[in-house]
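> Structure in structure tokens, see below.
The values are calculated or read from the model by the stated rules, or taken from the named source; none is laboratory data. Small disclaimer: the values here were computed from a predicted structure and weren't measured. Ideal geometry is used to build each Cβ from the backbone, glycine not excepted, and the neighbour counts take in all protein chains shown. Quick note on the areas: whole protein, heavy atoms, side chains included, nothing else; ligands and nucleic acids left out. Shrake-Rupley method; radii C 1.70, N 1.55, O 1.52, S 1.80 Å.
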Amino acid sequence: MKKIGFLSFGHWSPQSRTRSAADALLETIDLAQAAERLGADGAYVRVHHFARQLASPFPLLAAIGARTKRIEIGTAVIDMRYENPLYMAEDAGAADLIAGGRLQLGISRGSPEQVIDGWRYFGYQPAEGESDADMGRRHAEVLLDLLRGQGFAQPNPRPMFPNPPGLLRLEPYSEGLRDRIWWGAGSNATAVWAAKLGMNLQSSTLKNDETGEPFHVQQAAQIRAYREAWKEAGHTRTPRVSVSRSIFPLVDDRDRAYFGREGQQQDQIGYLDEQTRAIFGRSYAAEPDALIAQLKADEAIAEADTLLLTIPNQLGVDYNAHVIEAVLTHVAPALGWR
């Protein structure tokens, strides 16, 4: 069995079916409801700043949580270079309580964004001797400490409202959320770091090209390194691991028109910056029988317990619900995912 959800970047433009920010937000809520009806397990959103995409996740996650009953809701991922961990802990706690404990919060040090050093506009700056990636990881560690729910703030001796005894924690606090934090790792080293801190692992459709092997082989090795580090750290619970994929079963004329001549049928190599060579995983688009055979050979999907389907949200709710349904009915059972 494997949990299967969708991942939306929330692209919008006047030239697509998703023409405005309002469309992107409201359609994501509608798609989450449709995915829940279809039997999918998760509705996840990506966060990008300074872009015509989804940016502020917590109002959206709270709305999805209020309109659904069962489906997991989450992020993949929030760039921690831009985040105030204390404010984030409050927002996340509120969204999780609204959803009844279904929040799966994916965070990371982030990736190249639309503007140069965008986090500076948000009021953040690396400390002396610290990189922006270090700053993102530092923000993440503060968030993890806050989500333990321990008091840390000295109460006012003459407060406006009565306080409980002892040091105060941030409110609202949601029990169990600390165990539902995921780290989006771009390298084997950061996957191991996440395991040591007790975070679940998210691995997307790109990672640092560390060995020159095919993407899915490198990603599977990353997952195994993460699990070994988790075991060595002595954590008592079983960690979760997700991978993201673009998967399109070609079952009708719409599918063939959109993806029948899909260009990225092999991995691609690129550079995230001048120093970081990255490998981008292939997309999968084929008739169901061929698609099943291709996916059987993907070592990283086999290693993961959760699969996030990256969806072309700008094609509209109905079409994306169709894609999710096609994977659940034509592909997942044959691969033992259902």
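> How many Å² of accessible area per residue for segment 234-338, probe 1.4 Å?
Counting only protein heavy atoms, the per-residue value for segment 234-338 is 46 Å².
> Give me the net charge of Arg102's neighbourhood, meaning all other residues with Cβ under 11 Å from the Cβ of Arg102; Lys, Arg count +1, Asp, Glu -1.
Taking every other residue near Arg102 into account, the sum is -1.
> How much of His48 can a 1.4 Å solvent probe reach, expressed as accessible area in Å² and rounded to 10?
30 Å²
> Enter the angle in degrees (range 0 to 90, nearest 10) between the Cα long axis of helix 317-326 and the first principal axis of the Cα atoms of the chain, meaning the one along which they spread out most.
That works out to roughly 70 degrees.
> Let me ask something additional. Can you put Tyr271, Tyr258, Tyr173 in order of accessible area, largest first, using a 1.4 Å probe?
Tyr271, Tyr258, Tyr173
> Please list Phe161, Phe259, Phe6 from largest to smallest accessible area, probe radius 1.4 Å, with all protein chains kept in place.
Descending order: Phe161, Phe259, Phe6.
> Using 19 Å as the cut-off for backbone N distance, which residues of segment 305-338 belong to the label zone defined by a point 7 Å from the Cα of Ala22 along Cα→Cβ?
Hits in segment 305-338 for Ala22 at 19 Å: 314, 316-317.
> For helix 85-98, report the angle its Cα long axis makes with the longest principal axis of the Cα atoms of the chain; keep it between 0 and 90° and round to the nearest 10°.
70 degrees
> Report the extension gain between Thr238 and Ala257 in nm, rounded to one decimal, defined as 0.36 nm multiplied by the number of residues separating them, less their alpha carbon distance.
Roughly 2.6 nm would be gained on extension.
> Rounded, prolate or oblate: which one fits segment 68-166, using the alpha carbon gyration tensor with axes a ≥ b ≥ c (rounded when a/c is under 1.5, else prolate when a/b beats b/c, else oblate)?
Oblate, because a/c is 1.5 or more while a/b does not exceed b/c.
> Also, I was wondering about something else. So in segment 184-332, what percent of DSSP beta bridges are antiparallel if you round to the nearest 5?
DSSP beta bridges in segment 184-332 are roughly 40 percent antiparallel.
> Another question, then. Relative to 2.2 N^0.38 Å, what does the C-alpha radius of gyration of segment 204-261 come to as a ratio? Two decimals please.
Working it through for segment 204-261, the quotient is 1.64.
> Would segment 299-338 count as rounded, prolate or oblate if I go by the C-alpha gyration tensor, calling it rounded below 1.5 in a/c and otherwise prolate when a/b exceeds b/c, oblate otherwise?
Oblate, since a/c reaches 1.5 and b/c is not below a/b.
> Also: Could you compute how much accessible surface Arg17 exposes when probed at 1.4 Å, giving the result in Å² to the nearest 10?
150 Å²
> Next up: FRET efficiency for Met160 and Ala290, Cβ-Cβ distance as r, R0 = 51 Å, nearest 0.05?
My answer for the efficiency is 0.20.
> A follow-up question, please. Pick from Gly123, Gly110, Gly74: which is most flexible by mean-square fluctuation in a GNM of the chain where alpha carbon atoms under 10 Å apart are linked?
Most flexible of the set in this elastic network: Gly123.
> Pick from Ser242, Ser56, Ser204: which residue has the top mean-square fluctuation in a GNM of the chain where Cα pairs under 10 Å get a spring?
Taking springs between Cα atoms under 10 Å, the residue moving most is Ser56.
> Now for a separate question. Give the percent of DSSP beta bridges with both residues in the chain that are antiparallel, rounded to the nearest 5.
About 20 percent, rounded to the nearest 5.
> Find out how many positive minus negative residues lie around Thr18, taking Lys and Arg as positive, Asp and Glu as negative, among other residues whose Cβ is under 10 Å from that of Thr18.
My count for the surroundings of Thr18 gives +1.
> OK, next. For segment 1-125, what class follows from the C-alpha gyration tensor (a ≥ b ≥ c being the square roots of its eigenvalues): rounded when a/c is under 1.5, otherwise prolate if a/b is larger than b/c, else oblate?
Oblate.
> Something else about it: Normalised radius of gyration for segment 57-112, please: alpha carbon Rg relative to 2.2 N^0.38 Å, two decimal places.
In units of the 2.2 N^0.38 Å rule of thumb, it is 1.11.
> On to the next question. Using 0.36 nm times the number of residues separating Glu274 and Phe152, minus their current alpha carbon distance, what extension gain do you get?
Using 0.36 nm per residue and subtracting the Cα-Cα distance, I get 39.8 nm.
> Here is a follow-up. How much of Phe152 can a 1.4 Å solvent probe reach, expressed as accessible area in Å² and rounded to 10?
Rounded to the nearest 10, the figure is 100 Å².
> Tell me which residues come under 5 Å, amide H to amide H, from Thr18 once H is placed; ignore anything under 5 positions away on its chain.
Ser13
> Assigning unit charges at the beta carbon (Lys, Arg +1; Asp, Glu -1) and nothing else, what dipole magnitude in debye, to the nearest 20, does the chain show about its Cα centre?
Using only the charged Cβ atoms, the result is roughly 700 debye.
> Spin-label point model (7 Å from Cα, Cβ direction): what's the Gln266 to Arg338 distance in nm?
Going by the 7 Å Cα→Cβ label model, 3.3 nm.
> Select from Pro312, Pro162, Pro214 the residue whose mean-square fluctuation is largest in a Gaussian network model of the chain (Cα-Cα springs shorter than 10 Å).
Sorting by GNM fluctuation, first place goes to Pro162.
> Got a sec? What order do Ile98, Ile4 fall in by accessible area at 1.4 Å, biggest, i.e. largest, first?
Correct descending sequence by accessible area is Ile98, Ile4.
> At 0.36 nm per residue, and after removing the present C-alpha to C-alpha distance, how many nm does the segment from Ser111 to Arg67 gain when stretched out fully?
So the chain would gain 12.8 nm between Ser111 and Arg67.
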